[in-house]
Structure formats: C-alpha cells, structure tokens
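Reading through the structure tokens given below for one structure.
The values are calculated or read from the model by the stated rules, or taken from the named source; none is laboratory data. Remember, predicted model here, so these are calculated numbers, not experimental data. Here the Cβ positions follow ideal geometry from the backbone for every residue, glycine too, while neighbour counts run over all protein chains shown. Remember, those area values only see protein heavy atoms, side chains included, never the ligands or the DNA or RNA. Shrake-Rupley method; radii C 1.70, N 1.55, O 1.52, S 1.80 Å.
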Amino acid sequence: MSKTAPNKSLGLTLALVCAALWGASFPLGGVLAGKLDPVVLAIARYAIATLCFVAVFIFSKKHTLKKIQSKKDAVLLMAAGISAQAVFFYFTILAYEYTSSGEIGVINGMAPFLTMAAVFIIDKIKPTAPKVFAVVLSLIGAAVIAYDPSNKIQGLNLGHLFALCGVLGFVTYNYILGKFGPDLNSRYDLYSSSFYQFASATVALLILGVITGADFSSATVLVENGKHLGSILALGLLCSGFAYALWELATLKTQDAVITTMALNVLPLFAMIVAYFLLGETITLQKLAGVVTVVIALCIYTVGDKFKKAPVAQEAAA
C-alpha cells in the first residue's frame, strides 16, 4: 500500500513532462515554419524520431524490435503512424501561416472531443451528458481565443481549418488504438509500435515530397544556426522519441488511465506558455481565459462520468 501513492505521484509527474513536451512541439514547429518546405520539415522530425528508436534497439538489452506478425498488423501500424504523425504534423505546419502556435495547441487539445464524435458516428456509442457539456464548454473556450483582438487574423480562418485537419489525423490514430490497441499491445511494446509508426510516417512523407516536388534543398536551413538545429532535434528526439518512451513509463507507474489523461489536459496551457517565451506570442487575459476554459472542459470530459448517479437497482441493493 505504501508504494501505491508514490508510484502514482511519479507517474503523474512523468505524464506532466510528456504534456509539456507535446505542448512545446507547437511553438518549436513555429520556429521552423515558413523557413523550409513543410514536407521536408515533417520528414526531418520523424526521421530523427525513427533513428532515436533504432539507437534504442541497438544499444538497449531490454528493448528489442518485435517483428510484424501479420499483414493486418502492418496496415494498422502504418495507418496509425501516417495519420498521427504525417497527416497531423504536415497540416499543423500549414496552419502556422495563418494562426499562432498557441491557438494550434488549443485546437489539438480538443482531440478527445473529436474522437468521441467519431466513435458516436461510426460505432453509434452515445456520449454521456458530462461529455456533451465538456464539448460545448470547449467550443466556447476556443471561440474566446479565436476572437482575441491580438490575433493576426480575427475569428475563424484557414489556419484553424488546417489545424483541425491535423487533429482529425490524430483522431484517426486514437480511433485505431481504441479499436485495435489492446490486440496490438499484446504483440508489440510501445518502442516497437512507435518505431513502425514513425518509420511509416517518414516513408509516406518522402513519397509525398517526391510526388509534390518538395524543395529538399531547403533542409540546409536546419543547420544555419543553433536555434534551427536545436528546434528540429528537440522535435525529433524529445517531443517524439523521448516523450513516447516516457509516456509508457508514466502509464506503468500510475496504472490509471484517468491520471495520465488528466495530465495531458493541460497541454494547451503548456503550448501557450512555451510560445510566449520561444516565439514572443502575446498572452492576453482573453486568451488565457479561453485556454483555462478548454482545460476545465477537458478535465470534465476525463472525470465527468465518475460523478454520474448510480443506477436505481444498485441504490436499492445498497
């Protein structure tokens, strides 16, 4: 019993570090957005992340690459990687031209709500009242941010649409994991699964780059100065490779999905704070109010069902 609380506390701390890293990925992307071809930027990030896991398999005795066991597994892992990495980050980069990284972080923080909508549309699973309320509250928070006077473009714009397309890629990933994740987890650990996903995203982006005639020579921007190099290394090594490995450890320590998910709920706040220091983006009271509203909505979404009234039959039995 004495070990339970410290383990959960450590797990929550690690999950908060993950939230900070994933939140920081938006302003880090903003440092490089517009300076090189979007496809090339995405390729660089996930190629570095893939090599990170290759290094783990080479130098770690504990972790070895699990071989793909079926065509179905290969398709699912490829689909997860392409949707959550390639689609997600590519559209996120396009969004930077029209909106701030802080706003993009908030939109990405709303991924759980869109996942809920996908489950409702595809599987006909009706959301509970607390979750519906959380969705409405999050939309109010997002609207407050979108119409802040300090924004480059007032109200809804093309940047929000691009960011939403990126989130839909992540929603596809969430749906795949929700539907097939337990089955895949029984055959592949997080390290092997992440490697296949990052590798698939890198290959898909390379193909896209060749087809669209991407300017691969623009990659020289990455080594022009320390800030550019540090940003791409942070995106690939920390926000992708390291964060995913850390997430596995956080999950093992807490053994409670609610605790780890609660930590991720503050991702939009981390995104806005890092954007302030790294990119000099303005944090107004209106934006802060909007972010806090979205964070509260995410918290309600995560734990809301725990406060539902017990069924009459259970109350009678009690």
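Only one of the numbered conditions (1) within 22 Å of ILE107 (Cα to Cα); (2) out of contact with any Pro (no Cβ under 8 Å at 6 or more places or on another chain) is not met by GLY23, and that is (2).
Looking across the stretch 185-207, the residues that are in a helix (DSSP H, G or I) and surrounded by fewer than 16 Cβ atoms within 10 Å (Cβ to Cβ) come down to ASN185, ILE207. Looking across the stretch 172-184 at every residue that is without any contact (Cβ under 8 Å) to a residue 40 or more places away in the chain and of a type outside the set (Asp, Glu), the one that is least open to solvent (accessible area, probe 1.4 Å) is identified as GLY181. Consider the stretch 1-10 and keep the residues that are at pLDDT below 80 and of a type outside the set (Ser, Thr, Tyr). The one that is farthest from SER240 (Cα to Cα) is MET1.
Within the stretch 274-294, track down each residue that is in contact (Cβ under 8 Å) with a residue 60 or more places away in the chain and among the aliphatic types (A, V, I, L, M). Those that are in contact (Cβ under 8 Å) with a residue 60 or more places away in the chain and among the aliphatic types (A, V, I, L, M): VAL274, ALA275, LEU278, LEU279, ILE283, ALA289, VAL291, VAL292, VAL294. Looking at TYR301, TYR244, just one residue is more than 30 Å from LYS72 (Cβ to Cβ), among the hydroxyl-bearing types (Ser, Thr, Tyr) and assigned to a helix (DSSP H, G or I), and that residue is TYR301. Each residue in the stretch 215-241 was checked for being of a type outside the set (Val, Ile, Thr), assigned to a helix (DSSP H, G or I) and open to solvent by 30 Å² or more (accessible area, probe 1.4 Å), and 10 pass.
Taken over the stretch 118-129, residues that are surrounded by 13 or more Cβ atoms within 10 Å (Cβ to Cβ), in contact (Cβ under 8 Å) with a residue 40 or more places away in the chain and part of a helix (DSSP H, G or I) amount to 2. What is the residue count in the stretch 41-62 for residues that are in contact with a Phe, Trp or Tyr (Cβ under 6 Å, 6 or more places away or on another chain) and over 14 Å from TYR196 (Cβ atoms)? Result for the stretch 41-62: 1.
For PHE307, state whether it is open to solvent by 60 Å² or more (accessible area, probe 1.4 Å), among the aromatic types (Phe, Trp, Tyr) and at pLDDT below 80. Spelling it out, PHE307 is indeed open to solvent by 60 Å² or more (accessible area, probe 1.4 Å), among the aromatic types (Phe, Trp, Tyr) and at pLDDT below 80. If you check ILE140 against the conditions, is it open to solvent by 50 Å² or more (accessible area, probe 1.4 Å), modelled with pLDDT of 85 or more and part of a helix (DSSP H, G or I)? In short, yes. For VAL87, the stated conditions do not hold, so it cannot be described as without any contact (Cβ under 8 Å) to a residue 24 or more places away in the chain and at negative phi. THR212 versus (1) in contact with a Phe, Trp or Tyr (Cβ under 9 Å, 6 or more places away or on another chain); (2) surrounded by fewer than 18 Cβ atoms within 10 Å (Cβ to Cβ); (3) not hydrophobic (A, V, I, L, M, F, W, C): which is the lone unmet condition? Condition not satisfied by THR212: (1). PHE133 satisfies every condition listed in (1) of a type in the set (Phe, Trp, Tyr); (2) surrounded by fewer than 23 Cβ atoms within 10 Å (Cβ to Cβ); (3) in contact with a helix residue (DSSP H, G or I) (Cβ under 6 Å, 6 or more places away or on another chain); (4) not in a loop (DSSP other than H, G, I, E, B) except (3). The single residue among ILE82, ILE107 that is within 21 Å of the chain's Cα centre (by Cα) and at pLDDT 85 or above turns out to be ILE82.
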